[in-house]
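Peer 1: Here it is: the structure, laid out below.
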Amino acid sequence: MRAQCYTEREIVESAVLQVQREILGRFRNERFTSLYELNKFLEKVIGSINNKPFQKMPGSRSSIFDEIDSPALNKLPNTKYEFAYFKKAKVSIDYHVEIRSDKHYYLSTSRIGL
């Protein structure tokens, strides 16, 4: 679901509020002594929320995900994403290069070992 349109944004915010209330309501009387217990409880609660049937439509959140979203997903690449910033720059007379527009400079001779 896209949250670009104003009417879709209201629908998304309403769905988030419903899920938030359901999760917090189930947490109300629980105590956890470890992060593992908390994660197991969350896994159970989220699984039951996703498998709960819709009131006005056939299916559930997980069935809609399996039908629509899952086939459209691509596999993750094997290599990690590396952020890179490229800029053409000239070395000034004092061997400095401007890296960003907010006047950060880099001494070019230290990079090439002069």
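Every read-out reported here was derived from the displayed coordinates using simple, explicitly stated rules and does not represent laboratory data. On a predicted model such as this, the values are computed, not experimentally measured, just so you know. Don't worry about glycine lacking a Cβ; one is built from the backbone with ideal geometry, like all the others, and counts go over all protein chains shown.
Peer 1: Scan (1) 45; (2) 36; (3) 67 for the value of percent of Cα pairs over 21 Å apart calculated from this model and give just the label.
Peer 2: Derived directly from the coordinates: (3).
Peer 1: To continue, here is another question. Which value at 222 nm does the chain reach when only helices count, each DSSP H run of 4 or more adding -39,500 (n - 2.57), with the total divided by all residues and rounded to the nearest 500 deg cm²/dmol? Numbers along the way, then the final one.
Peer 2: Working: 4 runs with 48 residues, N = 114.
Result for the chain: -13000 deg cm²/dmol, rounded to the nearest 500.
Peer 1: Here is a follow-up. Provide the packing ranking of 20-31, 75-86, i.e. peptides ordered by the mean count of other C-beta atoms within 10 Å per residue, highest first. Walk me through the numbers before you get to the answer.
Peer 2: Working: 20-31: 10.5, 75-86: 5.8.
My ranking of the peptides, most packed first, is 20-31, 75-86.
Peer 1: Give me the net charge for the shell around Phe32: Cβ to Cβ below 15 angstrom, other residues only, Lys and Arg +1, Asp and Glu -1.
Peer 2: Details: positive: Arg26, Arg28, Arg31, Lys40, Lys44; negative: Glu30, Glu37, Glu43.
Net local charge, Phe32 excluded: +2.
Peer 1: For the ranges 34-41, 88-95, what's the packing order if you count other beta-carbon atoms within 10 Å of each residue, average per peptide, and put the highest first?
Peer 2: Values: 34-41: 11.1, 88-95: 9.6.
Order by mean packing, descending: 34-41, 88-95.
Peer 1: For the pair Ser63 and Leu107, how long in nm is the line joining their label points, each one 7 Å along Cα→Cβ?
Peer 2: Once both label points are built, they end up 6.8 nm from each other.
Peer 1: Once each part is reduced to its C-alpha centroid, what is the distance from the range 76-93 to the range 36-57 in angstrom?
Peer 2: 42
Peer 1: May I pose another question? Can you give me the long-range amide H partners of Tyr105? Hydrogens built in the peptide plane at 1.01 Å from N, cutoff under 5 Å, separation of 5 or more residues or another chain.
Peer 2: Ile99
Peer 1: Could I have the simple spin-label model distance between Glu37 and Ala72, label points 7 Å from Cα toward Cβ, reported in nm to one decimal?
Peer 2: For Glu37 paired with Ala72, the spin-label model returns 4.0 nm.
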